[in-house]
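Structure first, then comments.
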Amino acid sequence: MSETGVNQRRRLLLITSGLGLVGSAFAATPFVLSMTPSARAKAAGAPVEVDISKLIKFRGVFEPLKDEAFFAKVDVNPEWGTIFWPNGADLDPDVLYSMVTGEAIPEIASVTNK
């Protein structure tokens, strides 16, 4: 095979490989994006991660949460609509919802007894 034939073959191989790579990236994009839940999916109950270190100081009832083994004992209380730990520590569901969705916490009018 001549030198020009080998060079042409290499060029075609590189071009087709590049096009295959670009095509694969375009095909994979929707799957990769679907791994990050949308605000609508989060609101519907999709699993999300929340950095609670922005919410609490690890003192008092929250101090045991410093220990990863204890932190892993987190559970969901469907009646309260929030997460809690065996020592009684829990987080306000409105605050968690606000962190996940980015929506403001609704104002609650105070009720006074007359």
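The values are calculated or read from the model by the stated rules, or taken from the named source; none is laboratory data. Small disclaimer: the values here were computed from a predicted structure and weren't measured. Don't worry about glycine lacking a Cβ; one is built from the backbone with ideal geometry, like all the others, and counts go over all protein chains shown.
Quick notes on this one:
- Inter-residue pairs, beta-carbon under 7 Å, first over 17 Å from residue 56 (Cβ atoms) and in region 77-92, second hydrophobic (A, V, I, L, M, F, W, C), 6+ apart: 77/84
- When residues of region 80-114 are limited to those that are outside any helix (DSSP H, G or I) and β-branched (Val, Ile, Thr), the one modelled with the lowest pLDDT: 111
- Of all residues in region 52-81, those satisfying the criterion of being farther than 16 Å from residue 92 by Cβ and surrounded by 12 or more Cβ atoms within 10 Å (Cβ to Cβ) are 58, 63, 64, 70, 71, 73.
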